[in-house]
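The values are calculated or read from the model by the stated rules, or taken from the named source; none is laboratory data. Worth saying up front: this structure is predicted, and the values here are computed from it rather than measured. Cβ placement follows ideal geometry from the backbone for every residue including glycine, while neighbour counts extend to all protein chains displayed. Accessible surface areas use protein heavy atoms only, side chains included; no ligands, DNA or RNA. Shrake-Rupley method; radii C 1.70, N 1.55, O 1.52, S 1.80 Å.
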Amino acid sequence: MRFAAAYSFCGCAFAGFRMVSMQPLVIAGRAFQSRLIVGTGKYKDGAETQAAIEASGAEMVTVAVRRVNLDRTTESLLDFIDPRRYFLLPNTAGCYTADEAIRAARLGREVGLSDWVKIEVIGDLKTLYPDVQATVEATRVLVKEGFTVLPYTSDDIVFARRLIDVGAAAVMPLGAPIGTGVGIANLHNLRMMRELITEVPLVVDAGLGTASDAALAMELGFDAVLLNTAIAAASDPILMAEAMQHAVLAGRQAFLAGRMPRKLYATASSPLEGISR
């Protein structure tokens, strides 16, 4: 399916823009048209959060179970996210043991958020690196309890495989430490992971800082990107959210199109044969 659109810039209209619709992102049998997943932390208020989510075009939105008012007796972040429009993905941010993460996931399900969960077990306070052993254990327990588990993990392919072995529905390696905005810190490891793991979707989660970082992740062939601070900490979060939407789409299209080979020497764009002399 293709469609045309007209855009205006500085009063001038640009027509004929074509977009090729992408195959949906499918996780655990559920399809999502958007390959951008967004978080809900660090915004100045609920209204800004709502506007940024809308501008991002995301369908899946992640919320920290331990950081939202679940009883809804006072204003809650959940008041600004329409569950009929967005798929809520509870996460276990702020948990430092497998047991804490398991309890948070159960709480999210009990209050009706979802039986999906993004498992996050932090192993180091300074770097916020994941405790991968605890993440594997929490994933194993929750999968047995019927949860669809999407674990945040390191870029270690061995632990990625262990997460798949215990039933993870997707694997979400960090691009860089949470909130740093440095982009993809270990390109080589992520390239290897993308090449060697094809059983489940791979989602780059954390550390991205701007639209080009998201585009690069998608150009590497990752199935989706999850980010929060890159949007919330931007000078204009709404505009950055829109930029991320376009970056993820552009990166995916570039991956599917296939980049030209890199060459050591120059090659003329126009053939030399037939040039009048």
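Which percentage, to the nearest 5, of the DSSP beta bridges contained in the chain is antiparallel? Display every interim value, and only then the final one.
Details: 11 of 32 bridges.
Antiparallel bridges make up about 35 percent of those DSSP assigns within the chain.
What nm distance separates the two modelled labels at Lys126 and Tyr96, each placed 7 Å from Cα along Cα→Cβ?
The answer from the label model is 1.5 nm.
To test your reading of the geometry: what angle, between 0 and 90 degrees and rounded to tens, separates the Cα axis of helix 187-196 from the longest principal axis of the chain?
80 degrees
Which whole-number percent gives the relative contact order of the chain, counting Cα pairs below 8 Å spaced six or more residues apart?
In percent, rounded to a whole number, it is 16.
Normalised by the number of residues in the range 127-238, what is the relative contact order in percent for Cα pairs under 8 Å and 6+ residues apart?
For the range 127-238, the relative contact order is 21 percent.
Between beta-carbons, use under 13 Å as the cut-off and find the net charge around Arg66, counting Lys and Arg +1, Asp and Glu -1.
Combined, the nearby Lys, Arg, Asp and Glu give +2.
Looking at the range 64-148, which trypsin sites (Lys or Arg not before Pro) are in a loop (DSSP not H, G, I, E or B) and have at most 13 other Cβ atoms within 10 Å?
Of the trypsin sites (Lys or Arg not before Pro), the ones in loops of the range 64-148 whose Cβ has at most 13 other Cβ atoms within 10 Å are Arg72, Arg84, Arg85, Lys126.
Express the carbon and sulfur contribution to the solvent-accessible surface of the chain as a percent, rounded to the nearest whole number, probe 1.4 angstrom.
So the carbon and sulfur contribution to the accessible surface is 53 percent.
Taking 51 Å as R0, compute the FRET efficiency from the Cβ-Cβ separation of Arg84 and Met260 and round it to 0.05.
The formula returns an efficiency of 0.70 here.
Taking the alpha-carbon distance from Lys144 and a cut-off under 28 Å, which lysines remain once sequence neighbours fewer than 8 residues away in the same chain are dropped?
Partners found: Lys118.
Accessible area per residue for the chain in Å², computed with a 1.4 Å probe and the full protein assembly in place, what is it? Walk me through the numbers before you get to the answer.
Numbers: 14510 Å² over 277 residues.
Per residue, the chain has an accessible area of 52 Å².
Between Ala233 and Glu145, what FRET efficiency follows from the Cβ-Cβ distance if R0 is 35 Å, with the result rounded to 0.05?
Result of the calculation: an efficiency of 0.50.
Under a crude label model (7 Å from the Cα following the beta-carbon direction), how far is Val158 from Ala47 in nanometres?
5.2 nm
Between Gly41, Gly29, Gly123, where does the largest GNM mean-square fluctuation fall for the chain, given springs only between Cα atoms within less than 10 Å?
In the Gaussian network model the winner is Gly29.
Any idea what angle helix 46-56 forms with the longest principal axis of the chain, computed on alpha-carbon atoms, 0 to 90 degrees, nearest 10?
The answer is roughly 40 degrees.
Where does the charge balance sit around Gly46 when Lys and Arg score +1, Asp and Glu -1, over other residues with C-beta under 11 Å from its C-beta?
-3
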